[in-house]
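Novice: The structure is given below, and queries will be raised subsequently.
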């Protein structure tokens, strides 16, 4: 369920990209990742890829949408072989930054905010700015949402305000509907 997990990315120049290594993920299901954007820039010296304009990334049943997504890669170990793709020499993903109208949707949750960051080292997704998290008909709102993916721990902070929640008891397990 991480936004894009470990390993290098091989991107083509078309609108839909398949053929990414199995370890790069936005979905725990794995499989091909399809990326659409108005523009893709590869900045090899800076070890980053920029996806700009109507970015839409899908894998399995998970989807990430934003105005702009930046993928930053860790330095490659010396002697490492590139896999021969357009961006095959980048190596492992360090983090992903999604900015502007960020939406992350899976069958279980929907999250939105102004900015989203996935950090590989901590396996953490942090969304900031007008955050909303929805599960079935339950809704939580605040300014900062931190999801520790492996630990399945979620923290919502209100910023200068307070967090707000609406919980619908009819959607809770064991309740009559």
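Novice: Using 0.36 nm per residue of separation minus the Cα-Cα distance, give me the extension gain between residue 42 and residue 166 in nm, one decimal. Write down the numbers at each step before the final one.
Specialist: Numbers: separation 124, 0.36 × 124 = 44.64 nm, distance 4.24 nm.
Gain on extension, residue 42 to residue 166, equals 40.4 nm.
Novice: Treat each spin label as a single point 7 Å out from the Cα along the C-beta direction, and report the residue 150 to residue 130 distance in nm.
Specialist: Reported label-point gap for residue 150 and residue 130 is 3.4 nm.
Novice: With N set to the number of residues, divide the alpha-carbon radius of gyration of segment 95-174 by 2.2 N^0.38 Å and report two decimals.
Specialist: It is 1.09.
Novice: Would you calculate the separation in nanometres between label points at residue 105 and residue 121, each defined as 7 Å from the Cα along the Cα-to-beta-carbon direction?
Specialist: 3.4 nm
Readers should treat all values here as calculations from the given coordinates under stated rules, not as data from a laboratory. Computed from a predicted structure; not experimentally measured. Ideal geometry is used to build each Cβ from the backbone, glycine not excepted, and the neighbour counts take in all protein chains shown.
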